[in-house]
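Down below is the structure, laid out as structure tokens.
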Amino acid sequence: MSHEKRANYIVKKLKSELDLTDAQSASLEKIKDEVLAKRKELKIGGHFVPKEFVEEIRADKLNVDKWNKLGEEKEKKMAAFRVFFTKKATEFHAILTPEQRGKLADLILKFQSKFDKADED
């Protein structure tokens with residue numbers, strides 16, 4: 001699933017599960033659009049192994065320095081995105097009622113439990 005489709009799914013789920021008001025829904029849509037724009041701006045891809053790494057595998061010998069440089073560049077982008085995302089999460093948190101925050105926490109725990117069960121297998 002693309003990042004856009006995943007984001008749209010999450011927003012739709014949050015709107016319904018948290019019973020967001022129209023104003024809250026509009027704020028959440030704006031936050032979603034800003035987060036997706038930031039991902040695009042930072043060129044954060046969804047590939048598990050970036051193309052540059054795969055091209056290195058084709059070479060006769062792996063260039064460790066290049067792999068490390070590529071990894072460091074990716075880490076910098078992810079750190080910048082984390083800072084931005086945290087700011088947006090704070091904005092979203094601020095518009096929720098205490099009851100909605102509790103529901104959100106419960107949804108996250110429910111979602112995580114699916115992965116916890118998968119890890120046990």
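The values are calculated or read from the model by the stated rules, or taken from the named source; none is laboratory data. Worth saying up front: this structure is predicted, and the values here are computed from it rather than measured. In this analysis, Cβ positions are derived from the backbone assuming ideal geometry, glycine residues included, and neighbour counts consider all displayed protein chains.
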Suppose we filter Leu20, Leu14, Leu28 for residues that are modelled with pLDDT of 95 or more, in a loop (DSSP other than H, G, I, E, B) and over 13 Å from the mean Cα position of the chain (by Cα); which single one remains? Leu20
Looking at region 34-69 only, could you name the residues that are more than 15 Å from the chain's Cα centre (by Cα) and closer than 23 Å to Ser2 by Cα? Val49, Pro50, Lys51, Glu52, Phe53, Val54
Six or more apart or on different chains, Cβ atoms under 9 Å: show the pairs whose first residue is in region 54-73 and under 20 Å from Ile44 (Cβ atoms) and whose second is of a type in the set (Asp, Glu). Lys66/Glu52; Lys66/Glu56; Trp67/Glu52; Trp67/Glu56; Leu70/Glu52; Leu70/Glu56
Modelled with pLDDT under 95, surrounded by 11 or more Cβ atoms within 10 Å (Cβ to Cβ) and touching a Pro at 6+ places or on another chain (Cβ under 8 Å), is that true of Lys74? yes
The residue from Asp65, Asp60 that alone is loosely packed, with under 13 Cβ neighbours inside 10 Å, outside any helix (DSSP H, G or I) and among the charged types (D, E, K, R) is Asp60
Restricting region 31-57 to residues that are loosely packed, with under 14 Cβ neighbours inside 10 Å, outside any loop (DSSP other than H, G, I, E, B) and not β-branched (Val, Ile, Thr), which is modelled with the lowest pLDDT? Lys51
